[in-house]
Amino acid sequence: MQEYNSKSVSSILDLRGQSCPDNLPKILLNLEGLNPGEVLEIILDDLVALDIIPDAIKEEPDFKIVGYKKSEHNIHLFIEVI
């Protein structure tokens, strides 16, 4: 994964304080509401999610992780609808 520029984000889903795997259905629902080419930014603070979410997204043919950004306490994942 590469560092991502958040200027092209279409929607933001803040999942801080929520644990995985409970947040995976929320991510998929939000992605299904976007059009091809749009990017969803997901803000996470659950380190377990960093193991589960990328693997789950790789199994989905319509979505692609295009990058990430680390901040002091959070990870931002950027997923594009393809």
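One table, with the values for the structure above:
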quantity: Trypsin sites (Lys or Arg not before Pro) within the chain: DSSP coil, no more than 15 neighbouring Cβ in 10 Å; calculated: Arg16
quantity: Cα-centre dipole for segment 6-81 with unit charges at Cβ (Lys and Arg positive, Asp and Glu negative), debye to 20; calculated: 260
quantity: Cα centroid separation, segment 67-82 to segment 15-66 (Å); calculated: 10
quantity: Of the GluC sites (Glu not before Pro) in the chain, those whose Cβ has at most 12 other Cβ within 10 Å and which sit in DSSP loop; calculated: Glu59, Glu72
quantity: Nonlocal amide H pairs with Gln18, under 5 Å, H built at 1.01 Å; calculated: Asp45
quantity: Rg and Dmax of the chain, Cα atoms only, in Å; calculated: 11.4, 32
quantity: Extension gain (nm, one decimal) between Ile43 and Lys26, 0.36 nm per residue minus Cα-Cα; calculated: 4.9 nm
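Only the coordinates and a few stated rules stand behind these numbers; no lab work does. Model, not experiment: these values are computed from the prediction. Don't worry about glycine lacking a Cβ; one is built from the backbone with ideal geometry, like all the others, and counts go over all protein chains shown.
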